[in-house]
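Heads up: the structure comes next, in structure tokens.
The values are calculated or read from the model by the stated rules, or taken from the named source; none is laboratory data. Source: prediction; values computed, not measured. With ligands, DNA and RNA removed, areas are computed over all heavy atoms of the protein, side chains included. Shrake-Rupley method; radii C 1.70, N 1.55, O 1.52, S 1.80 Å.
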Amino acid sequence: MNALSVVLAGGGTAGHVEPAMAVADALMALDPDIRITVLGTERGLETRLVPERGYHLELITPVPLPRKPSGDLMRLPLRVRRAIRQTRAVFDDVEADVVIGFGGYVALPAYLAARAGVRRRSVPVVVHEANASAGWANRVGARSARRVLSAVPDPGLRHVEVVGVPVRATITSLDRQALRAEARAHFGFSDDATVLLVFGGSQGAQSINRAVAGAAEDLAAVGVSVLHAHGPKNVLDLRSPAADDPPYVAVPYLSRMDLAYAAADLAICRSGAITVAEVSAVGLPAVYVPLPIGNGEQRLNALPVVNAGGGLLVDDADLTPAFVANTVGGLLADPSRLAAMTTSAALAGHRDAAQRVAEVAVAVAAEFPRRSR
């Protein structure tokens, strides 16, 4: 029998592409003969990320939902029909056995194309929702999906199974304790340092940058070393360090997040779905600072970990140098509390999320008759 053919629909942002790539890797670990096809658009990160990971990418017309009345809204039905037609052609070409959708611009046409037509059988769908509040594409897809998987118990979809957010194996397999000495040497910290990791996503976060940089002197006074990824377009306003200050390592970008996680005792970061998933999966306690715009989704992403005792939640406006100096500095000076938060963070994480999504997809495909090859 020919190999199982799986289509992954998760293009657009890293929040959609990275979980899809993690599941692709997990599928290959289950069965190296599985055929994987990734749907994307020419404007998404998948045009770079998918080929880099060695997977086959098919491009279709993006279907973003305009937020305001405009010409784009008038053209939406035509774009949807064109994208569905293109997606059905991909399904036929690769003889798709199952579709896994992660939301985003390509997910809606994938869900609609998977439905049975007059002369074609349906393709079973598995939906994964990474965010605490489901997007409109996944709300549509969940209505006809065979299984609906999610990061949290109530993302606004019915009959969900909580599996966590799939993240790459280099993160889920990370042994922070075993890698700690190598990681700290890599960044120039002593083996017995107390290390605060600070990052705000790939572009940094200016409010986080200002607050932590403003507390640099106070952190140094209590012996805290800092590893701070400030973003490639941002510059930190740091005072000149004293001769005996612990290191404050400021970099535009961290290409080795595994080493950064292993080196750190605590993180200050945003609370996007992927960030929360990675930080909790490696068992790193964190101070989560939700993005102050949007629908409050980032706050909801962090709540399960915070409620479990694995982190703190602070509003962007309340993250001041004084908060960093007093609350964060105080936490780093309390080993027993930090150890308890580390344990709680690890228990709240989902290291096996990618494997569980892959196993569900294979099981769903097995429930349906194979296409004639």
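What to note about this one:
- Solvent-accessible surface ranking, highest first, for 235, 251, 212 at 1.4 angstrom: 235, 251, 212
- Based on protein heavy atoms only, the stretch 294-373 ends up with 49 Å² per residue of surface accessible to a 1.4 Å probe.
- Chain lengthening between residue 251 and residue 143 when straightened (0.36 nm per residue, less Cα-Cα): 34.4 nm
- Spread of Cα-to-Cα distances over 10 Å intervals beginning at zero, given as percent, for the chain: 5, 23, 30, 21, 13, 5, 1, 0
- Bridges between two residues of the chain, per DSSP, are antiparallel at a rate of about 0%.
- Nearest-ten-degree value, helix 353-366 long axis tilted from longest Cα axis of the chain: 10
- Seen against the Cα atoms of the chain and their longest principal axis, helix 71-94 is set at about 70 degrees.
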